[in-house]
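Rule-based calculations on the coordinates, nothing more; no lab input. What you see is a predicted model; the values in this text were computed from it and never measured. Glycine gets a Cβ as well: all are built from the backbone with ideal geometry, and neighbour counts include every protein chain shown.
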Amino acid sequence: MTENEEGWLYEISPKRKIIDLNFKEIWRYRDLLILFVKRNIVTVYKQTILGPLWYFIQPLFTAITFTLVFNNIAKVPTGEIPPFLFNLTGITAWNYFSQCLTGTSNTFKSNAAIFGKVYFPRVIMPLSNVITNLFKFGIQLGVLLIAYLYVLYTGIKVTPNTNLLLFPIYILMMATMGLGLGMIISAFTTKYRDLSVLVGFATSLLLYISAVPYPLAEVQKEMPEYAWIVQYNPLTHIIEGFRYMLLDTGIFSWNSFFYTLAISFGLFFIGLVFFNRTEKNFIDTV
Amino acid sequence: MKSILIAENISKQYRLGVIGTGNIRHDLKRWWYLKRGKEDPFIKIGEKNRQDTKASGDYVWALKDINFEVKPGEILGIIGKNGAGKSTLLKILSRITAPTTGSIEVRGRISSLLEVGTGFHRELTGRENIFMNGAVLGMTKREIKTKLDEIIDFSGCERYIDTPVKRYSSGMTVRLGFAVAAHLEPDILVVDEVLAVGDAEFQKKAIGKMNTLSSDSGRTILFVSHNMDAVKSLCQRGLVLHNGEVDFAGEARESVDHYLSNYRRIPQIQNKINESHRRHKNSRALELLSISSSHNDLHTRSRMCFDVLIRKNKNITFPVCLTGTIMNFSDMEIGSFFSEEIYVHQEESTINLTIADHNLAPGSYYINLTISKGSLKNAHLSEVDHAFEAISFEIEMKERNEYFVNWKKNWGQIYFPSEVKLKTDI
């Protein structure tokens, strides 16, 4: 709420600033943010038998499938690292990004009912989604840690490296990229529903050009003419970087790190612009 | 006194028809015009919001140049026919959608109650949902905590407060939602008449609560309603909207009178039924064409006769019956009538409808008329065609009935014939 000299608290008007983020207002609604996160976590697995165990099952089974398909059948080499750990690491990082993306891209459509009845800063919804996913990510990181320790126990040498200090930045990049891309899509899906269909299969395909089930070096070696697709994809560098710091394997360069950082912040910024333009009138078109 | 809310030149444009592929063309064109510094090419084609005529343009103004001010502590009633722009104005005031042009300046916190129990989650308990709903409406956790006991008490759901809301009856859910809403403390409260859902007791509670809110704590309330009696008794000032424009602004009582005398004129002698009467999608195998009444001087004990012209559009074999609800001009249901089974054979036929003993008090009434499939015997009627405000009639005071000369408003709408005999000992 901006209070000017006349004491007006706020103005309702069609004028739009490019980015209209009112941090004071978002702060006032912080309790709502927390409640939404709580609700998201608590309600998903109500009336399920396995409950929060589902958080473990999904990445574990995906990692097993990938190991069977890519490493045992297709013989993709993963160097010193056991393929299962290699895949689990990639999938854990990938899951966080993709859940932020799909969750955010549905913001307007799935919340139309509540957005149509009451006002609160709309950005609370995608934020709560990102925070909820952070919680899930934490649990899945725990699973990864257990697998990691088991591998160490069996005598195979895996060590993280000093890049581990960049860990928070990697999380930030995944979150901002998921949010940014999601917000852009959410803005367009209010008018053009086609996109929500697209997002579903696009994210599952995106996984394959983001170096999740294989190391980047392998693509460069085997298919040099197509490697650029994977190389220019900023997600590749997040996944590779994530594996690099935890398993000390793969390619890392500061160039690609800053390239990814710039793109994720850029996407976040563009996403905010689109989100802002949409939130004021979307209820008329949704 | 300084105004707490000033609305200036509020307009809102909507696109008619389906949002589809034409949309992307318009979007691109609009973007191209704005890019070159020209004005929006589609903002010009909008026309007045008249629902009974066919629009020539693709865009329509749901609201056009609305101006008004609200002083602190005032209750403003916003009235108008369906589609006059009330809901759109409400949405703009609650910041759900932005106006196309114009601005509203607000000095204070606005909370809007367009629905009871927004943000309730079925799986959460009553207590958790109080926090959820409160936060959605703009309360902080601390505010809710201090009022929690009061809210639970007001809702009357104490026993079930730790049970998931999905196990609640619909009445309990509404009560819980309203209990939270009633403890909001915004500077300006925007209330839709949907609050009037629920039973009569609940409505009374809701309106009573609004009354105390404004008189005790000087809360400013903007109240949108169809219920003229509620507007008259609750509001100080009124705003009448018509086709998206402010038609009248003034005292609540005057506004209601203005509205009733200008927009609720339903023909008394003969009325053709057209699209403006139809609000439901029905098969219309049988269609209501017109209704006419032969007399002009009805009084409380007189019989009423109407001729209803109907047309058969499809070959139907089932029996139908003619039913109707008599409404007063405050949109309150007074009573209903049901005919016996009718078998329609001809393509066009006239049904003669007689209401013999109605005992309606003096005043103005209208009829919502329905043709339904089925009969009263099998206790299931399904609509075939329906006409809102099919015809109106006036019950007059007759010299013969001296009693009615001063029939007062608070005597209700029905006269009960009674016999009084003094019992005397012989």
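Looking at region B:270-403, what % of the alpha carbon pairs are farther apart than 19 Å? Roughly 50 percent, once rounded to a whole number. If only the Cβ of Lys and Arg carry +1 and only the Cβ of Asp and Glu carry -1, the dipole of region B:70-263 around its Cα centre is close to 420 debye. Looking at region B:70-263, the DSSP beta bridges with both ends there are about 30 percent antiparallel.
Run through the DSSP bridge list for the protein assembly as shown and note the antiparallel percent, rounded to the nearest 5. Roughly 75 percent of the beta bridges in the protein assembly as shown run antiparallel, per DSSP.
If you wrap the tightest convex hull around every Cα atom of the protein assembly as shown and split its volume per residue, you get 258 Å³. With a length cut of 27 Å (Cα positions projected on each helix's long axis) and a Kyte-Doolittle mean of at least 1.6, go through chain A and give me the DSSP H helices that pass. The qualifying helices are A:167-189. Rg over Rh for region B:61-139 works out to 1.04, using Cα positions for both radii and the Kirkwood form for Rh. Per residue of chain A, the DSSP helices (runs of n ≥ 4 H) give a summed -39500 (n - 2.57) that works out to -21000 deg cm²/dmol at 222 nm. State log₁₀ I(q)/I(0) for region A:3-284 at q = 0.11, 0.12, 0.16 Å⁻¹ as given by the Debye formula over alpha-carbon point scatterers of equal weight, solvent excluded. So the normalised log intensities are -0.70, -0.81, -1.30.
Evaluated at q = 0.08, 0.15, 0.19 Å⁻¹, the base-10 log of the normalised Debye intensity for region B:70-263, with identical point scatterers placed on the Cα atoms, takes the values -0.27, -0.91, -1.32. Going from the residue with the fewest nearby Cβ atoms within 10 Å to the one with the most, A:Thr104, A:Thr78, A:Thr48 rank A:Thr48, A:Thr78, A:Thr104.
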